[in-house]
Amino acid sequence: DLLTKMIMIQSGLDYTIIHPGGLLDTPGGKEEFVLDVDDNLYQGPKRSTRISREDLAELCVAALSVAKGQKVSFDCITRPLPEGDKSRTAPKSAERALSEFLELSKSSNYASLKN
């Protein structure tokens, strides 16, 4: 809930808050991780907003090392690889997807949700 997140943020401790899309009981490692903030992934028509439990677990494990020492919060889902893209035969690892996301210095903005 929002209060818990605000307490965590104000504590000064490092944290990683992951907001997954709808959880699926399907095998992981088959789709591309998509990470963003402030519900941007859930906007627009016909947005797919799901992630397998296995992929979410991989992302959580990746966050233990990749996001260590940071204060970050983000949304996550997966999407099928683009059809016809011959250069991409496998999805990025959770570690690589999270590293690339963290390089953008994005994090959810809870300040706008206070009230």
Looking at the stretch 3-25, can you tell me whether even one residue there is under 18 Å from LYS106 (Cβ atoms) and basic (Lys, Arg)?
yes
Is it the case that GLN43 is within 19 Å of LYS106 (Cβ to Cβ) and over 13 Å from the mean Cα position of the chain (by Cα)?
yes
Every pair of residues 6+ apart whose Cβ atoms lie under 7 Å, when the first sits in the stretch 92-106 and is within 13 Å of ILE77 (Cα to Cα) while the second is open to solvent by less than 80 Å² (accessible area, probe 1.4 Å) and in a helix (DSSP H, G or I)
ALA94/LEU59; ALA94/ALA62; LEU98/LEU59; LEU98/ALA62; LEU98/ALA63; LEU98/VAL66
In the stretch 93-114, which residue that is modelled with pLDDT under 90 and of a type outside the set (Ser, Thr, Tyr) is surrounded by the most Cβ atoms within 10 Å (Cβ to Cβ)?
LYS106
In the stretch 2-31, anything on the phi > 0 side of the Ramachandran plot and either open to solvent by 70 Å² or more (accessible area, probe 1.4 Å) or without any contact (Cβ under 8 Å) to a residue 24 or more places away in the chain (or both) is listed as GLY12
Would the stretch 32-50 turn up any residue that is aromatic (Phe, Trp, Tyr), in contact (Cβ under 8 Å) with a residue 12 or more places away in the chain, open to solvent by 30 Å² or more (accessible area, probe 1.4 Å) and out of contact with any strand residue (DSSP E or B) (no Cβ under 6 Å at 6 or more places or on another chain)?
yes
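The values are calculated or read from the model by the stated rules, or taken from the named source; none is laboratory data. For clarity, every value in this text was computed on a predicted model and none was experimentally measured. Here Cβ is always computed from backbone atoms with ideal geometry, including for glycine, and neighbour counts include all displayed protein chains. Just so you know, the surface numbers come from the protein's heavy atoms only, side chains and all, with ligands and any DNA or RNA stripped out. Shrake-Rupley method; radii C 1.70, N 1.55, O 1.52, S 1.80 Å.
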